[in-house]
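Here the structure is laid out as structure tokens; the discussion comes afterwards.
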């Protein structure tokens, strides 16, 4: 599993389709790194990223698409 020493220098970031368009609540994800999916706040691109195992992120995205969450 990834830790604070994970090298994200090759991460290709994209804004989540669930982010709003006014520059407020913007989440970016990178899905080009084997086995992990880092997630960060686009307003703080040099700040920390939360790193999820790819399978866990996939399960989360599927759950959001299938059931949604209030307010999304």
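Read-outs: derived from the displayed coordinates by stated rules, not from any lab. Everything numeric here is computed off the predicted structure, so don't read it as measured data. Virtual Cβ from ideal backbone geometry, glycine too; neighbours counted across all protein chains shown.
A few remarks follow.
- Note on residue 41 and residue 27: their simple-model spin labels are 1.4 nm apart, each label 7 Å out from Cα toward Cβ.
- Burial order of peptide ranges 47-58, 5-16, 28-39 (average beta-carbon count within 10 Å, highest first): 28-39, 47-58, 5-16
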